[in-house]
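Reviewing the structure listed below.
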Amino acid sequence: MNNKKIVIIGAGVAGINAATKLIDKGYSGGLITIIDKGSDPFKRKPEEVMTGMLGAGGWSDGKLTYHTAIGGQLSKYCGEEKAMELMKEVVDNFTRFHPKPEEIFMSDPQEEPEFIKPYFGLRLFPVWHIGSNYLHEIAKNWYQYLIDRGVKFMWETEVLDVNFRTCSVWFTGGQIFYDSLIFGAGKSGIDFAQQLSIKYKLPTEPKSVQIGVRYEAPQKYFQKLIDISYDFKLYQKFDNVSLRSFCTNNNAAYVAVEETYGDISYNGHAKKGEQFRNDMTNFGILMEIKGIENPFEWSREAVKKLQINGTGTYYSPNRTRKPALTSEGNTVSAIQVDTMDPLFDALGEEYAQYIEDFITNLQTVFPEIGDDWGIYMPEVKYLSPEPLVNYNNLSLTEYPNVHFVGDALSARGITVSGAHGIYVAEAITRGF
């Protein structure tokens, strides 16, 4: 029956899509509570990237990939056809709350261009472009929809502990009980998820290291590739290492500062509108390393080595190129260094060389670049060991009323995270 209390930890893309699906399927909003340590979308500042309504990606990115090979392992849980259906529903939700849905467009490259061979491969998949400058309005519209239907939000509230046995959540100021728990704490909650995993001795699957830099250069150098694939993803594969460009931004492309566990790393986003145009391109160069013992701790240590005076680092072979401006008009927080030595010190000679070679290959494929580029160090995707879950509802194998979603289940993108939430909501509503 529709009388079970559902608590959702994290108001990111996974949690919000889960709540929306529950409401749309007739679940009582008064039985749903969402806890998040960030602010509601009417109070949340543009620079508050990591916590709050729609999480990091839904607040600052706005590109929804539409392929099961991108963003995490979704089809292994539900099959290829169902995975595509779930991801399309995430796209439909962003469209539904968009103030100008007619401005959404999809890029869908079909053929790998010859000029990038043999240096790179190019992943070909559809991408829905929502428009990052509309995300805050989408968040407000979406939030209003949920509160109008009785969903309770607890903002600026940190979860301190979860007791899977007594079905209770302790937070700053009190305690709440649940019949079903959806755990979608996101990137900012990875430490907490790992603590729970250790506390309850959850069986887990180790994940690989994902670390690199955010590369920035004038857009004109990449235009012939952008014309083929707007959100291009170049990749290289080796024995235990693979590299890929990640989250490409063009036209009005800005580097964003992220703070996680007290350390600075970098990401990127794009604005829409001529008033924001800076004719720049930025993208992550992310390296995936398999076989690292304790990959989470290894990544944390590498990130710490790239901090100077409380911020990250920036390098350009062109001494006149400096850290760029943010979309708010401030200089991106980064200490400029004269060499790539900090990257080699942090990652080690072998791994840093892969990134340097990737950049050298970019200069070969796009010779006009020369030394007119810069990198922000580091960009990192923390992936804690993934808890083993039941494939039919993403519940923990030993706690069937606790469901892990989004980054907590090693998703690496908006679309897959949202799909996790919808998949869990469908499973919960089958019972009433």
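Report whether or not Lys76 is outside any helix (DSSP H, G or I) and either in contact with a His (Cβ under 8 Å, 6 or more places away or on another chain) or open to solvent by 20 Å² or more (accessible area, probe 1.4 Å) (or both).
On the way: outside any helix (DSSP H, G or I): no; either in contact with a His (Cβ under 8 Å, 6 or more places away or on another chain) or open to solvent by 20 Å² or more (accessible area, probe 1.4 Å) (or both): yes.
Against the criterion (outside any helix (DSSP H, G or I) and either in contact with a His (Cβ under 8 Å, 6 or more places away or on another chain) or open to solvent by 20 Å² or more (accessible area, probe 1.4 Å) (or both)), Lys76 does not qualify.
Counting only residues that are hydrophobic (A, V, I, L, M, F, W, C) and open to solvent by less than 20 Å² (accessible area, probe 1.4 Å), how many does segment 160-184 have? If you could, list the steps in order and put the result at the bottom.
Within segment 160-184, the first condition is being hydrophobic (A, V, I, L, M, F, W, C), and the residues that meet it are 160, 162, 164, 167, 169-171, 176-177, 181-183.
Filter once more, keeping what is open to solvent by less than 20 Å² (accessible area, probe 1.4 Å): 162, 164, 169, 181-183.
Number of matching residues: 6.
From the list Asn401, Asn393, which residue is of a type in the set (S, T, N, Q), open to solvent by 10 Å² or more (accessible area, probe 1.4 Å) and not in a loop (DSSP other than H, G, I, E, B)?
Working: Asn393 fails: not in a loop (DSSP other than H, G, I, E, B).
Answer to the check: Asn401.
If you check every pair at least six apart or on different chains, which have Cβ atoms under 6 Å apart with a residue in segment 320-343 that is without any contact (Cβ under 8 Å) to a residue 40 or more places away in the chain first and a residue that is assigned to a loop (DSSP other than H, G, I, E, B) and buried (at least 16 other Cβ atoms within 10 Å of the Cβ) second?
Thr331/Pro323; Pro342/Leu306
Would you mention how many residues in segment 302-336 are within 13 Å of Ser265 (Cα to Cα), in a strand (DSSP E or B) and among the β-branched types (Val, Ile, Thr)?
First, the residues of segment 302-336 that are within 13 Å of Ser265 (Cα to Cα): 302-308, 310-314, 332-335.
The next check asks that each one be in a strand (DSSP E or B); those that pass are 308, 311, 313-314, 335.
Next, from what is left, pick out any that are among the β-branched types (Val, Ile, Thr): 308, 311, 313, 335.
Matching residues across segment 302-336 total 4.
Please indicate, with yes or no, whether at least one residue in segment 337-359 is under 24 Å from the mean Cα position of the chain (by Cα), surrounded by 13 or more Cβ atoms within 10 Å (Cβ to Cβ), β-branched (Val, Ile, Thr) and in a loop (DSSP other than H, G, I, E, B).
no
One line per residue, one yes/no per condition, for (1) modelled with pLDDT under 95; (2) buried (at least 19 other Cβ atoms within 10 Å of the Cβ); (3) more than 18 Å from the chain's Cα centre (by Cα):
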{"residue": "Asp92", "(1), (2), (3)": "no, no, yes"}
{"residue": "Glu111", "(1), (2), (3)": "yes, no, yes"}
{"residue": "Gly121", "(1), (2), (3)": "yes, no, yes"}
{"residue": "Ser132", "(1), (2), (3)": "yes, yes, no"}
{"residue": "Lys140", "(1), (2), (3)": "no, no, yes"}
{"residue": "Gln144", "(1), (2), (3)": "no, no, yes"}
{"residue": "Gly150", "(1), (2), (3)": "no, no, yes"}
{"residue": "Gly186", "(1), (2), (3)": "yes, yes, no"}
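Name the residues in segment 25-52 that are polar (S, T, N, Q) and outside any loop (DSSP other than H, G, I, E, B), would you? Even if it seems obvious, please write down each step before you answer.
Keep residues of segment 25-52 that are polar (S, T, N, Q), which gives 28, 33, 39, 51.
Within segment 25-52, Thr33 is the sole residue that qualifies.
The values are calculated or read from the model by the stated rules, or taken from the named source; none is laboratory data. Please read these numbers as outputs of a predicted model, since none were measured by experiment. Here the Cβ is made from the backbone with ideal geometry for all residues, glycine too, and neighbour counts use every protein chain on show. When the accessible area is computed, the model is the full protein with side chains, heavy atoms only, and any ligands, DNA or RNA have been set aside. Shrake-Rupley method; radii C 1.70, N 1.55, O 1.52, S 1.80 Å.
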